[in-house]
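Each reported figure results from applying straightforward, stated rules to the coordinates on display, with no laboratory input. Values in this document were obtained by computation on a predicted structure and should not be read as measured data. All Cβ positions, even for glycine, are placed from backbone atoms using ideal geometry, and neighbour counts span all protein chains on display.
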Amino acid sequence: MSPYEYAIIRAVPRVERGELINVGVVLYCQRLDFLAARTHLHENRLLALDPHADLDGIRAALKSWETTCAGGADGGAAREMKPGERFRWLVAPRSTILQAGPVHMGLAVDPCAELDRLVELLVR
């Protein structure tokens, strides 16, 4: 078993209202050098909070979280960061449409399978 850290990715379409839905999970396991994000956008839930939400923009932002976890294949700043640095950067507090919730810890044999389990439990 290896310790890991994770945070729920939340969409906050109107930051001033503070309403949110869970749209993904980012998981980091230092021991296994694993960092990944899995996302799932419930469009109807999001539109219930904000009928004018920019779905394409939110989808693109979610994709950027996954790209950042993978090492920033687009050549951005994440490319130079280690996985732990990328995780800390992603979960840092921010007041944008996508935000990370509090960081939690757990133990898992397979962090990839655990990430899938957490997405199913907390997002879908």
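I want to verify a result. In a Gaussian network model of the chain, Cα cutoff 10 Å, which of these has the top mean-square fluctuation: LEU90, LEU55, LEU20?
Residue with maximal mean-square fluctuation among LEU90, LEU55, LEU20: LEU55.
Show me the ranking of peptides 12-19, 95-102 by mean Cβ neighbours inside 10 Å, starting with the highest.
95-102, 12-19
Could you work out the percent of alpha carbon pairs in the chain separated by over 25 Å, rounded to a whole number?
21
Please sort 34-40, 23-29 by packing, taking for each peptide the average over its residues of neighbouring beta carbons within 10 angstrom, highest first.
Ranked by mean Cβ neighbours within 10 Å, highest first: 23-29, 34-40.
What does the helix-only formula give at 222 nm for the chain: each DSSP H stretch with n ≥ 4 adding -39500 (n - 2.57), the total divided by the residues, and the result rounded to the nearest 500 deg cm²/dmol?
My calculation for the chain gives -10500 deg cm²/dmol from helical runs alone.
Can you tell me the length gained on complete extension of the stretch THR67 to ARG79, counting 0.36 nm per residue apart and subtracting the Cα distance?
Taking 0.36 nm per residue and subtracting the Cα distance, the gain is 3.3 nm.
Pulled fully out, how much extra length does the chain show between GLU19 and ARG88, if you take 0.36 nm times their separation in residues and subtract their Cα-Cα distance?
Gain in length upon complete extension: 22.5 nm.
Going by alpha carbons, how many degrees (0 to 90, nearest 10) lie between the helix axis of 111-122 and the longest principal axis of the chain?
30
Compute the relative contact order of the stretch 7-85 as a whole-number percentage, counting only Cα pairs closer than 8 Å that sit 6 or more residues apart in sequence.
24
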